[in-house]
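Reading through the structure tokens given below for one structure.
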Amino acid sequence: MPAVNIEIIKECPETGARAGVLHTPHGSFPTPMFMPVGTQATVKTLSPEELKEMGAGIILSNTYHLFLRPGHELVEKAGGLHKFMNWDQGILTDSGGFQVFSLGAMRKIREEGVEFRSHIDGAKKLLTPEIATKVQEALGADIIMAFDECMPYPADLSYAKNSTDRTTRWAARCKAAHSRTDQALFGIVQGGMHKELRQKSAEELVDMDFPGYAVGGLSVGEPKEMMYDMLAATTCHLPKEKPRYLMGVGTPDCLVEGVALGVDMFDCVFPTRVARNGTCMTRTGRLVVRNAEFADDFRTIEEGCGCYACKNYSRAYIRHLFKAEEIFGLRLLSLHNLYFLLQFMRDMRQAIIDGVFPQFRKNFLEGYSL
RNA sequence: GGAGGGGUUCCCGAGUGGCUAAAGGGAGCAGACUGUAAAUCUGCCGCGUUUCGCUUCGGUGGUUCGAAUCCACCUCCCUCCA
């Protein structure tokens with residue numbers, strides 16, 4: 001039995017949605033699950049206790065960032081990431097593949113790996129499949145990710161093919177370099193917006209027999225319909241008995257569709273970033289609570305929400321905090337947005353278990369505006 | 001009473017003859033944000049029928065083809081001397 005495995009409890013007969021439990025060395029959590037992002041070994045503004053209380057069973061952290069600062073050796077010396085950041089539940093570390101994409105001109109991709117220019121001090125750094133794997137072993141997350149290239153959109157067929165094939169070769173190198181048995185290494189399907197490449201990537205990774213599979217390279221600027229299309233063209237080639245993780249997706253509409261296409265795990269900076277910028281998420285859409293229309297709106301962010309912010313504060317107060325640049329405002333909205341998404345996932349899971357997911361999905365999408 | 005300095009678009013504050021509806025900052029308003037270089041970034045910010053027109057720089061009058069910018073008087077504020 002691999003260190004991380006999923007137990008499927010119920011599948012939706014009409015869609016690909018599934019409800020389950022994912023087991024890790026640091027506890028189990030229900031799926032589908034949304035994983036809050038804590039890039040630098042902290043989910044910005046929130047404490048582990050607060051995350052636990054809202055039901056986050058696993059959070060994300062980042063290889064590239066921790067590699068640069070404070071350095072994986074230091075985290076290892078601290079006793080590993082769990083201990084270092086005082087989080088005793090699941091952790092997944094991203095490999096740095098996304099930084100290959102987001103650092104743009106500050107990096108150079110070669111077969112060996114990727115040469116980065118540190119965004120902190122400009123120092124030249126090398127990340128290869130082997131290094132990314134070793135760094136992640138030192139960090140000690142429960143789930144670690146293969147080092148991939150998250151290619152830009154659009155990418156023509158020839159670029160996409162080269163990139164995808166290289167990502168597949170890198171995945172094999174990550175697997176060969178990975179030795180810890182108490183953590184699971186997930187492969188990442190790429191392929192750009194080309195279905196045949198998605199299929200090829202998925203099949204080749206499945207042949208390598210990873211304990212879980214991620215779908216990468218989506219939500220990078222393409223239209224949503226295209227993203228759903230690519231996701232569908234990917235999940236259908238993944239084994240049912242293993243966890244599936246859609247990387248970087250996090251708006252409610254995308255989450256329902258992702259779940260409908262058989263995804264078990266998601267992560268996204270969206271809820272926390274947008275929170276710090278004054279926007280809150282609700283079942284019916286977004287609310288830019290920093291805007292003037294809420295100046296004397298003494299209602300709670302979202303009626304019926306059980307989060308700390310909604311139980312105690314008004315839109316007008318939170319708007320005031322934002323206008324006054326008080327950090328408590330960032331915290332309240334981060335708390336709300338994450339609670340909201342986590343609750344949303346619980347509701348979806350319950351709907352799958354109750355056999356009413358298709359109706360749930362339809363109702364939600366009808367009442368939600370982008 | 002005397003000497004000097006100053007009054008600029010919501011605020012602070014540049015600008016001393018045309019390139020000025022007027023720098024810059026703040027405030028305000030709006031938008032963006034999807035494996036976090038993000039408590040960030042972008043746009044708007046006199047009025048309108050908005051690639052053009054109109055009205056603004058304490059007030060009035062004047063010089064000039066042309067004035068926020070030069071001159072006169074008035075007015076208000078600040079500093080210093082009696």
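The values are calculated or read from the model by the stated rules, or taken from the named source; none is laboratory data. It should be emphasised that the depicted structure is a prediction, and the values quoted were computed from it without experimental measurement. Note that each Cβ is placed from the backbone with ideal geometry, even for glycine, and that neighbours are counted across all protein chains shown. Accessible surface areas use protein heavy atoms only, side chains included; no ligands, DNA or RNA. Shrake-Rupley method; radii C 1.70, N 1.55, O 1.52, S 1.80 Å.
Restricting attention to the range A:171-222, the residues that are surrounded by fewer than 18 Cβ atoms within 10 Å (Cβ to Cβ), within 27 Å of A:CYS254 (Cα to Cα) and more than 11 Å from RNA strand B (Cβ to nearest atom) total 5. The number of residues in the range A:103-133 being open to solvent by less than 60 Å² (accessible area, probe 1.4 Å), closer than 13 Å to A:HIS65 by Cβ and either part of a strand (DSSP E or B) or without any contact (Cβ under 8 Å) to a residue 24 or more places away in the chain (or both) comes to 3.
Scanning the range A:310-327 for residues that are open to solvent by less than 60 Å² (accessible area, probe 1.4 Å), within 16 Å of RNA strand B (Cβ to nearest atom) and in a helix (DSSP H, G or I) yields a count of 6. Of the set (1) touching a helix residue (DSSP H, G or I) at 6+ places or on another chain (Cβ under 7 Å); (2) in a helix (DSSP H, G or I); (3) within 9 Å of RNA strand B (Cβ to nearest atom), all apply to A:VAL249 but (2).
Checking the stated criteria, A:ARG361 turns out not to satisfy the condition of being open to solvent by 70 Å² or more (accessible area, probe 1.4 Å), more than 16 Å from RNA strand B (Cβ to nearest atom), out of contact with any Leu (no Cβ under 9 Å at 6 or more places or on another chain) and in contact (Cβ under 8 Å) with a residue 40 or more places away in the chain.
Candidates A:TYR245, A:TYR228, A:TYR313, A:TYR308: the one that is touching a strand residue (DSSP E or B) at 6+ places or on another chain (Cβ under 8 Å), modelled with pLDDT of 95 or more and among the aromatic types (Phe, Trp, Tyr) is A:TYR245. Applying the selection to the range A:30-79, what residues are part of a loop (DSSP other than H, G, I, E, B), among the charged types (D, E, K, R) and out of contact with any helix residue (DSSP H, G or I) (no Cβ under 8 Å at 6 or more places or on another chain)? Hit for the range A:30-79 is A:ARG69, nothing else.
In the set (1) in a helix (DSSP H, G or I); (2) more than 17 Å from A:THR251 (Cβ to Cβ); (3) within 16 Å of RNA strand B (Cβ to nearest atom), A:ALA351 fails one condition alone, (3).
The set of residues from the range A:263-306 being of a type in the set (Asp, Glu) and either open to solvent by 70 Å² or more (accessible area, probe 1.4 Å) or outside any loop (DSSP other than H, G, I, E, B) (or both) comprises A:ASP267, A:GLU293, A:ASP296, A:GLU303.
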